[in-house]
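Undergrad: Have a look at this one before I ask anything.
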Amino acid sequence: MNETNLPNTESSVDFIREAINDDLREGKIERVHTRFPPEPNAYLHIGHAKAVWINYGIAQDFNGLFNLRFDDTNPTKEEQEFVDGIIEDVRWLGADWDERLFFGSDYFEQMYEWAIDLIKKGKAYVCDLSPEEAIKLRGPVTEPGIDSPYRSRSVEENLDLFQRMRSGEFPDGTRTLRAKIDMTSGNMNLRDPMMYRIRHAEHHRQGDKWCIYPMYDWAHGLEDSIEGITHSLCSLEYENHRPLYDWFLNELGIFHPRQIEFARLNLTYTVMSKRRFIELVNGGYVQGYDDPRLPTLAGLRRRGYTPEAIRDFCATIGVAKTDSLIDISVLEDCVRNDLNKRAQRVMAVIKPLKVVITNYPEGQVEELDLVNNPEDPNAGTRKAPFARELYIEQDDFREEPPPKYFRLAPGREVRLRNAYFIKCVDVVKDANGEIVELHCTYDPETRGGDAPDGRKVKATLHWVAAKQAIAAEARLFDHLFVKPNPDDVQEGQDYLSNLNPNSLEVVTCCVEPSVLGAAPGTRYQFERKGYFCVDSDSTSEKLCFNRTVTLRNSWAKIEQAMKGSSER
């Protein structure tokens, strides 16, 4: 094994890396070359991020090469918008393909010539069956299929018909080119699979140059071969397609990459399906493909997830051979760990309750020094105003506190973070009996620390100065579905019946003035409340914040409580 191809020993060795090590050791390949081959018909999701990091990560570990290649062989579903979005997503994840950006459609002429080769070898034929007729003759998996009546056409007739298919002589759906393999095979993919279909449609790159388009199983292996891909790493649903991948390459006698399959990523409380994304968007259940409740990379980025957190998540779950359901809390913990190190702390009150400190001088404003990030000594400090009128969280006061509630209550003293001890002396209510204001006193001797006389308090609250606070919109996102498996439904229902009606709550919050002018994508930790990201909807007049994740996994507590209740 050449020293330049030695794997990075810091990476965990999984079954794919073991196979690649074997191939290098046995001299089957000289240099590892992988690719990520998305079809540009939708936006990428977190499952694609796993595929990117398997392919790109392996190329890095073995000092190999990595391609970004678009498998753009279906003109009716593919758009330049998706090409641009995928490039942005993969670049955001941190993968680098250098100059190796390719499109399967650029290989159409070579694919056509290889199809001619198979026809000449008697390994492919033009079939006039309709899709419905072809499916019927294919038969069920428990019985052998029946040969197409056009399977015995001569090479000359097949060559003529295939050329006429390309020239546009026939309407859509009237003819296909099929591989001649084995209609009795127990693997349905080998029962004379389709190689080309007629589609009179405009292609986003090729225009109207072509009216026949290759099927995925035919094109995929050829694209890998042309680019010199050594290891075609696919998700597990392509395992049964591998014999067909191998058959095409063997029959053509061209460079033959090795296909290896890995488990798909499935997450709780969400869906991982292009079709369902379309249903959710078109049905108005979410507000676009970049809705922060969706597991699309655009949605996760908008929500405030970092590429580092996603990469850590992919490393944490590892590479498996069998499909499994990963708890979304694993992903959330990864972004918490990452943002804890990088996000600036600010104080923000999500649901404000006004506090008036009656013995604090009217008109006085103090500038207090606050640490930007206790996890980062180089993050420095900032100034925050303190004044007579403040806001605290509604949840931080109880007129009749329950047991073990240590926050503010009538006659009780608490600490305001980085400021003073305050004591509630009066509760002001409106005509409906709702609490609208608290009157408190403060101890000027307790600024920034403990009381000189040694008295203790059991709670520290965050706050913002009322007149100096920035009014902003906070979007409090929660799981999109109420059940870990959205398909866990009663008869007659579908996954939409498990949509969480409280997956988005929009409130007006008050934030310390240091956030003024923050650019979209800026991430903060709202102290005691969670991690938030400035949304692209923000304007110079109004900031909008998306909650990335809470400080703790509140759903785990709810699930545990429900489990305990069911056991009692």
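The values are calculated or read from the model by the stated rules, or taken from the named source; none is laboratory data. Everything quoted here is computed from the prediction, not taken from an experiment. Don't worry about glycine lacking a Cβ; one is built from the backbone with ideal geometry, like all the others, and counts go over all protein chains shown.
Undergrad: Of everything in the range 465-487 that's of a type in the set (A, V, I, L, M, F, W, C) and part of a loop (DSSP other than H, G, I, E, B), which residue is nearest to residue 295 (Cα to Cα)?
TA: Narrowing the range 465-487 to residues of a type in the set (A, V, I, L, M, F, W, C): 465-466, 469-472, 474, 476-477, 480-482.
Checking the rest, the ones that are also part of a loop (DSSP other than H, G, I, E, B) come to 466, 469, 480, 482.
Details: 466: 37, 469: 33, 480: 10, 482: 15 Å.
Among them, the one singled out is 480.
Undergrad: For residues that are small (Gly, Ala, Ser) and buried (at least 18 other Cβ atoms within 10 Å of the Cβ), scanning just the range 195-222, find the one that is farthest from residue 103 (Cα to Cα). First the steps, then the outcome.
TA: From the range 195-222, those small (Gly, Ala, Ser) are 201, 207, 219, 221; that's our starting set.
Still in the list and also buried (at least 18 other Cβ atoms within 10 Å of the Cβ): 219, 221.
On the way: 219: 11, 221: 14 Å.
This residue is 221.
Undergrad: Further question: Kindly provide the set of residues from the range 185-219 that are under 31 Å from the mean Cα position of the chain (by Cα), closer than 19 Å to residue 125 by Cβ and not in a helix (DSSP H, G or I), ordered by number.
TA: Across the range 185-219, the qualifying residues are 213, 214, 215.
Undergrad: Going by the conditions given, is residue 431 aliphatic (A, V, I, L, M), surrounded by 15 or more Cβ atoms within 10 Å (Cβ to Cβ) and assigned to a loop (DSSP other than H, G, I, E, B)?
TA: On the way: aliphatic (A, V, I, L, M): yes; surrounded by 15 or more Cβ atoms within 10 Å (Cβ to Cβ): no; assigned to a loop (DSSP other than H, G, I, E, B): yes.
Taking the combined requirement at face value, the residue does not satisfy it.
Undergrad: Check off (1) modelled with pLDDT of 95 or more; (2) outside the structural domain of residue 128 (by TED's automatic domain parsing) for residue 274 and give me the number that stays unchecked.
TA: Residue 274 satisfies every listed condition except (1).
Undergrad: Could you tell me whether the range 14-32 includes any residue that is farther than 30 Å from residue 294 by Cβ, surrounded by 20 or more Cβ atoms within 10 Å (Cβ to Cβ), modelled with pLDDT of 95 or more and not hydrophobic (A, V, I, L, M, F, W, C)?
TA: yes
Undergrad: Can residue 487 be described as touching a Pro at 6+ places or on another chain (Cβ under 7 Å), under 28 Å from residue 334 (Cα atoms) and of a type in the set (Asp, Glu)? Please lay out each step first, then the result.
TA: Numbers: touching a Pro at 6+ places or on another chain (Cβ under 7 Å): no; under 28 Å from residue 334 (Cα atoms): yes; of a type in the set (Asp, Glu): yes.
Against the criterion (touching a Pro at 6+ places or on another chain (Cβ under 7 Å), under 28 Å from residue 334 (Cα atoms) and of a type in the set (Asp, Glu)), residue 487 does not qualify.
Undergrad: With respect to residue 185, is the statement that it is at pLDDT 95 or above and out of contact with any strand residue (DSSP E or B) (no Cβ under 6 Å at 6 or more places or on another chain) true? Even if it seems obvious, please write down each step before you answer.
TA: On the way: at pLDDT 95 or above: yes; out of contact with any strand residue (DSSP E or B) (no Cβ under 6 Å at 6 or more places or on another chain): yes.
When the stated conditions are applied, residue 185 passes them.
Undergrad: Test residue 96 against the stated conditions and say whether it is within 28 Å of residue 299 (Cβ to Cβ) and in the same structural domain as residue 176 (by TED's automatic domain parsing).
TA: When the stated conditions are applied, residue 96 passes them.
Conditions tested, residue by residue: (1) part of a helix (DSSP H, G or I); (2) on the phi < 0 side of the Ramachandran plot; (3) touching a strand residue (DSSP E or B) at 6+ places or on another chain (Cβ under 6 Å).
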residue: 245; (1), (2), (3): yes, yes, yes
residue: 254; (1), (2), (3): no, yes, no
residue: 266; (1), (2), (3): no, yes, yes
residue: 279; (1), (2), (3): yes, yes, no
residue: 287; (1), (2), (3): no, yes, no
residue: 290; (1), (2), (3): no, yes, no
residue: 308; (1), (2), (3): yes, yes, no
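Undergrad: Hey, could you check the range 508-541 for residues that are β-branched (Val, Ile, Thr), assigned to a strand (DSSP E or B) and surrounded by 13 or more Cβ atoms within 10 Å (Cβ to Cβ) and say which is nearest to the chain's Cα centre (by Cα)? Show your work before the answer.
TA: To start, the set of residues in the range 508-541 that are β-branched (Val, Ile, Thr) comprises 508, 511, 515, 522, 534, 539.
Remaining after also requiring assigned to a strand (DSSP E or B): 508, 511, 534.
Next, only the ones that are surrounded by 13 or more Cβ atoms within 10 Å (Cβ to Cβ) stay: 511, 534.
Working: 511: 29, 534: 18 Å.
Step by step, filter the range 508-541, then rank; the result is 534.
Undergrad: Select from the range 220-238 the residues that are within 24 Å of the chain's Cα centre (by Cα) and in a helix (DSSP H, G or I) and write down the one among them that is farthest from residue 195 (Cα to Cα). Even if it seems obvious, please write down each step before you answer.
TA: So the first thing to find is which residues in the range 220-238 are within 24 Å of the chain's Cα centre (by Cα), and the list is 232-238.
Still in the list and also in a helix (DSSP H, G or I): 236-238.
Values: 236: 22, 237: 19, 238: 17 Å.
So, considering only residues that are within 24 Å of the chain's Cα centre (by Cα) and in a helix (DSSP H, G or I), the one farthest from residue 195 (Cα to Cα) is 236.
Undergrad: Still on this structure, please answer the following. So for the range 350-373 (the condition being part of a helix (DSSP H, G or I) and either crowded, with 17+ Cβ neighbours inside 10 Å or outside the structural domain of residue 543 (by TED's automatic domain parsing) (or both)), does at least one residue qualify? Give the steps one after another, and end with the answer.
TA: Within the range 350-373, the first condition is being part of a helix (DSSP H, G or I), and the residues that meet it are none.
Looking through the range 350-373, none of the residues is part of a helix (DSSP H, G or I) and either crowded, with 17+ Cβ neighbours inside 10 Å or outside the structural domain of residue 543 (by TED's automatic domain parsing) (or both).
Undergrad: Continuing with this model, one more query. For a quick check of your reading of the model, give me the residue pairs whose first member lies in the range 184-199 and is in contact (Cβ under 8 Å) with a residue 24 or more places away in the chain, whose second is of a type in the set (Phe, Trp, Tyr) and in a loop (DSSP other than H, G, I, E, B), with beta-carbon atoms closer than 6 Å and at least 6 apart or on different chains.
TA: So the pair list comes out as 198/170.
Undergrad: Also, I was wondering about something else. Name the one entry in 413, 399, 389, 366 that is over 27 Å from residue 471 (Cβ atoms) and of a type in the set (Asp, Glu).
TA: Numbers: 399 fails: over 27 Å from residue 471 (Cβ atoms); 389 fails: over 27 Å from residue 471 (Cβ atoms); 366 fails: over 27 Å from residue 471 (Cβ atoms).
Of 413, 399, 389, 366, the one residue that is over 27 Å from residue 471 (Cβ atoms) and of a type in the set (Asp, Glu) is 413.
Undergrad: I'd like to verify a number: residues in the range 111-123 that are part of a helix (DSSP H, G or I) and surrounded by 14 or more Cβ atoms within 10 Å (Cβ to Cβ), how many?
TA: Taking the range 111-123 as the starting set, the residues that turn out to be part of a helix (DSSP H, G or I) are 111-120.
Next cut, surrounded by 14 or more Cβ atoms within 10 Å (Cβ to Cβ) only: 111-112, 114-119.
Final tally of qualifying residues: 8.
Undergrad: Which one of the conditions (1) of a type in the set (Phe, Trp, Tyr); (2) within 17 Å of the chain's Cα centre (by Cα); (3) not in a loop (DSSP other than H, G, I, E, B) does residue 102 fail to meet, given that it meets all the rest?
TA: (2)
Undergrad: Out of the residues in the range 525-545 that are farther than 19 Å from residue 393 by Cβ and among the polar types (S, T, N, Q), state the one that is modelled with the lowest pLDDT.
TA: 540
Undergrad: Pick from the range 137-166 the residues that are closer than 20 Å to residue 201 by Cβ and touching a residue at least 12 places away in the same chain (Cβ under 8 Å): which of them is surrounded by the fewest Cβ atoms within 10 Å (Cβ to Cβ)?
TA: 166
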